[in-house]
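Notes follow the structure.
The values are calculated or read from the model by the stated rules, or taken from the named source; none is laboratory data. The structure displayed is predicted, hence computed values, not measured ones. FYI the Cβ positions are ideal-geometry reconstructions off the backbone, even for glycines, and counts take in every protein chain you see. Just the protein is used for accessible areas: all its heavy atoms, side chains included, with ligands, DNA and RNA removed. Shrake-Rupley method; radii C 1.70, N 1.55, O 1.52, S 1.80 Å.
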Amino acid sequence: MAPPRSFLWSRRIFLTVLTGFVLVPVYVMVSSSLKPLADVTGKFRWLPSGLTVRPYIDIWSTVPLAKYFVNSLIVAGAATLCSVVIAVFAAYAVSRYEFRGKRVFTVTVLSTQMFPGILFLLPLFLLYVNIGNATGVALFGSRGGLILTYLTFSLPFSIWMLIGYFDSVPRDLDEAALVDGCGPFGALLRIVVPAAVPGIVAVAVYAFMTAWGEVLFASVMTNDTTRTLAVGLQGYSTLNDVYWNQIMAASLVVSVPVVAGFLLLQRYLVTGLTAGAVK
């Protein structure tokens, strides 16, 4: 039965408004990044009077954007890799084995997502400083400390989502692998992991996006050497002026890895999130 014509027109109008709501800020961002600074700070014009790519060249010299880019790639990449590896083994153990405290573990892992991140800022700061004073291991102001910090947020959700996805993989596959001579570790790597690729990709994308755009902990746990992109963009605002065109250009540049990765892995992400949500 075809839907009524009024419903179709209402849907079209709603989707058009929603599309405009999303695309207008993107247009303003792109057009502002191609304007001279005087045009950006003056009265806004929908159609720029002149276009220039100079802001995209100046962003690399106004602040050490390349260094911030490398720091963000290292921190986000390492946090993603550690989160995926640990979550795979932890979720597989919870999904396939029965042990005392299993339900308590899963509830505790999920309940950590209820607390705001700022609640852990001061305890982690004091913990890192005390560890550094006692052992000489510099966690505060280092990439390693920031990676550990991001793991505390991405790992619980990653474990919880992979538990649901591993539950959707038939246990008969594990048993068949064991019969063929594989141990539990071999069954995980050869059978379960290939079957759970969409869920693992979804976890990896979530962990990377969480680390890539995080500001609160990066602004406290880093210094001039280990500063990431999310904090480094503040360098375009000085006491004398704000380089709005360069801020827009830099924001577009740093968004490219996340947007490109999301578009490439979109079908895996949707499948993984859907399977993890219904199990």
Item to complete: Assuming a ≥ b ≥ c are the square roots of the Cα gyration tensor eigenvalues, decide whether the chain counts as rounded (a/c under 1.5), prolate (otherwise, with a/b larger than b/c) or oblate.
Response: oblate
Worksheet item: Mind checking which aspartates and glutamates have their C-alpha under 16 Å from Lys102, skipping anything on the same chain fewer than 8 residues away?
Response: Asp167
Discussion item. Running a GNM on the chain with Cα contacts under 10 Å, which residue among Ile200, Ile247, Ile57 ends up with the highest mean-square fluctuation?
Written reply: Ile57
Worksheet item: Which residue, Ala250, Ala202, Ala38, tops the fluctuation ranking in a GNM of the chain built on C-alpha contacts under 10 Å?
Response: Ala38
Worksheet entry | Largest to smallest accessible area among Met221, Met248, Met114 [probe 1.4 Å] | Met114, Met248, Met221
Fill in: Relative counts (whole %) of C-alpha pair distances in the stretch 105-199, using bins that are 10 Å wide
14, 29, 25, 20, 11, 0
Worksheet item: Just how far, in whole angstrom, is the stretch 75-144 from the stretch 1-65 if you go by their alpha carbon centroids?
Response: 38
Worksheet item: To the nearest 10 Å², what's Lys67's accessible area with a 1.4 Å probe?
Response: 90
Worksheet item: How much length is gained on full extension from Phe99 to Trp46, taking 0.36 nm per residue of separation minus their Cα-Cα distance?
Response: 12.8 nm
Fill in: Within the accessible area of the chain (1.4 Å probe), percent carbon and sulfur
71
Worksheet item: Okay, helix-only estimate at 222 nm for the chain: each DSSP H run of n ≥ 4 adds -39500 (n - 2.57), divide by all residues, round to 500 deg cm²/dmol; what do you get?
Response: -23000 deg cm²/dmol
Fill in: Kirkwood Rh in Å, taken over all unlike Cα pairs in the stretch 55-171
16.7
Discussion item. Which log10 I(q)/I(0) values does the stretch 167-246 give at q = 0.14, 0.19 Å⁻¹ under the Debye formula, counting every alpha carbon as one identical point scatterer?
Written reply: -0.66, -0.85
Worksheet item: Across the chain, where is the longest run that never hits chymotrypsin sites (Phe, Trp or Tyr not before Pro) in a DSSP loop with at most 14 other C-beta atoms within 10 Å?
Response: 100-279
Worksheet item: Looking only at the stretch 82-118, which residues have a backbone nitrogen under 20 Å from a spot 7 Å from the Cα of Thr135 in the C-beta direction?
Response: 82-83, 86
